[in-house]
Amino acid sequence: MSAIGVVSSCSRLCPGVWLLKPGTQKMSSFGLHTAARCAAKDYYEVLVLGGGTGGISMSARMKRKVGAENVAVVEPSKTHYYQPLWTLVGGGAKQLATSARPTGSVMPKGVEWIKSRVTALDPDKNCVWLENDIKVISYKYLIIALGISLHYEKIKGLPEGFHHPKIGSNYSVHTVEKTWKALQDFKEGNAIFTFPNTPVKCAGAPQKIMYLSEAYWRKTGKRSKANIMFNTSLGVIFGVKKYADALLEIIKERNIAVNYRRNLVEVRADKQEAVFENLDKPGVTEVHQYEMLHVTPPMGPPEVLINSPVSDEIGWVDVDKETLQHKKYPNVFGIGDCTNLPTSKTAAAVAAQSGVLDKTISLVMKNQLPTKKYDGYTSCPLVTGYNKVILAEFDYNAQPLETFPIDQSKERVTMYHMKADMMPFLYWNALLKGYWGGPAPVRKLMHLGLK
């Protein structure tokens, strides 16, 4: 059998690989698994898993490094969404269509788009398996950008409960417009907003829609009929004290009730009832009637990463928190929501990570050790009204890392327009094209001479 026809770094695909001469599969001087090459289109120098924010931005950067023909992205979805806009869609301030573009239009020109789903990763043999086990793709370098999975089904009564009125969720393309409908149809009673007992993407979003709802009901004369409740599994309103203090002031001013350590476990949509467990009193539950319910679903790592060799015990990609290089496999890298980086999972975090990862991979490709360090930068524009935003920016230590030389814990109209208008432009035209690595250079400029 000809070696050219069968060679793959995956022995399951090509058993004949073991018949190759010793040394065909060899390690580079830097310890990378540089396995023998597969037939055309079965091997790429850089393989990116996921066509979300991290995957598209990194594929654009890798295209400039190794050439478009040497980069491939595995992504089954035909549509790419700018999800941070969904807060404003749920609040009726933006149209859902403005958050969507065809995946083909954001894919870097010339980069191979593999329209499939990854079903298994085999980093010891430098390959991944695609849906239905019909194809195996090998790589020299792997970037994992698979995002985070939503688990509405872990709440009893969902997702089927979304077929009923009065309930919505800004976290899914299928349910975000239901939030706006429930908001408009509100008459009188409890309006409940939830935060689950799991990691989530954009941890500020569950309360942003609450502030928008409160502002909408004030504007439409319904505020006095709404008992607004934020039932959160957390013990604090926000993880950074400076911004938490500002939010608690707003909550007090707007007469919003916050119930800490409450986790939504069941929705009885036919009766408009929500059941919460008290996390401090195991076995104790509370049932609340609702006139509107906004659900933030439990979330977790994508199924393909659970019990994967590239993941930690929970299922998150196990990367170095400063370089984003995998802790065990030096030719594997992770970015964004699917990683175990101890920072908030946001698009802003992905932007900062992409700049660092670009430098990391460049040095690894030259057999050098990575030097650029990610500081955990993340950002959450906390929408507190239809023209107000508190721009929270912070690092791994939950310390503010602010771009502008002003107090960003104050509500500002300028920050709202940055969230609603400037950030989407920056996303489509700079971040996805691999030209935006976060605001660190702007921050340095803004704070010049102030320290």
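Annotations for the structure displayed:
- Taking strands (runs of 3 or more DSSP E) as the structural unit, no element lying wholly within the range 63-138 holds at least 3 residues that are closer than 22 Å to residue 345 by Cα and not assigned by the TED database to the domain that holds residue 51.
- Among the residues of the range 295-308, at least one is without any contact (Cβ under 8 Å) to a residue 60 or more places away in the chain and open to solvent by 40 Å² or more (accessible area, probe 1.4 Å).
- Just one residue in the set 62, 58, 107 is free of Cβ contacts under 8 Å to residues at least 60 places away in the same chain and open to solvent by less than 30 Å² (accessible area, probe 1.4 Å); that residue is 107.
Yes/no per residue for (1) open to solvent by 50 Å² or more (accessible area, probe 1.4 Å); (2) touching a residue at least 60 places away in the same chain (Cβ under 8 Å); (3) over 19 Å from residue 77 (Cα atoms):
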| position | (1), (2), (3) |
| --- | --- |
| 122 | no, yes, yes |
| 130 | no, no, no |
| 152 | no, yes, yes |
| 158 | no, yes, yes |
| 163 | yes, yes, yes |
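- Residue match in the range 249-256 (condition: in contact with a Leu (Cβ under 7 Å, 6 or more places away or on another chain), surrounded by fewer than 22 Cβ atoms within 10 Å (Cβ to Cβ) and hydrophobic (A, V, I, L, M, F, W, C)): no
- Pair list, Cβ < 7 Å and 6+ apart or interchain, from the range 198-220 residues that are under 14 Å from residue 171 (Cβ atoms) to residues that are hydroxyl-bearing (Ser, Thr, Tyr) and part of a helix (DSSP H, G or I): 205/87; 208/87; 209/87; 209/179
- Of the residues making up the range 168-194, those that are open to solvent by less than 10 Å² (accessible area, probe 1.4 Å) and either in contact with a His (Cβ under 8 Å, 6 or more places away or on another chain) or not β-branched (Val, Ile, Thr) (or both) are 168, 169, 179, 182, 183, 186, 191, 192, 193, 194.
- Filtered by the rule that a residue be part of a strand (DSSP E or B), farther than 22 Å from residue 339 by Cβ and touching an Asp or Glu at 6+ places or on another chain (Cβ under 7 Å), the range 168-203 gives 189, 190, 191.
Residue-by-condition table, conditions (1) in contact (Cβ under 8 Å) with a residue 24 or more places away in the chain; (2) open to solvent by 10 Å² or more (accessible area, probe 1.4 Å):
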site	(1), (2)
386	yes, yes
389	yes, no
393	yes, no
399	yes, yes
406	no, yes
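The values are calculated or read from the model by the stated rules, or taken from the named source; none is laboratory data. This structure is a prediction, so every number in the text was calculated from the model and none was measured. Virtual Cβ from ideal backbone geometry, glycine too; neighbours counted across all protein chains shown. All accessible areas refer to the heavy atoms of the entire protein, side chains included, with ligands and DNA or RNA removed. Shrake-Rupley method; radii C 1.70, N 1.55, O 1.52, S 1.80 Å.
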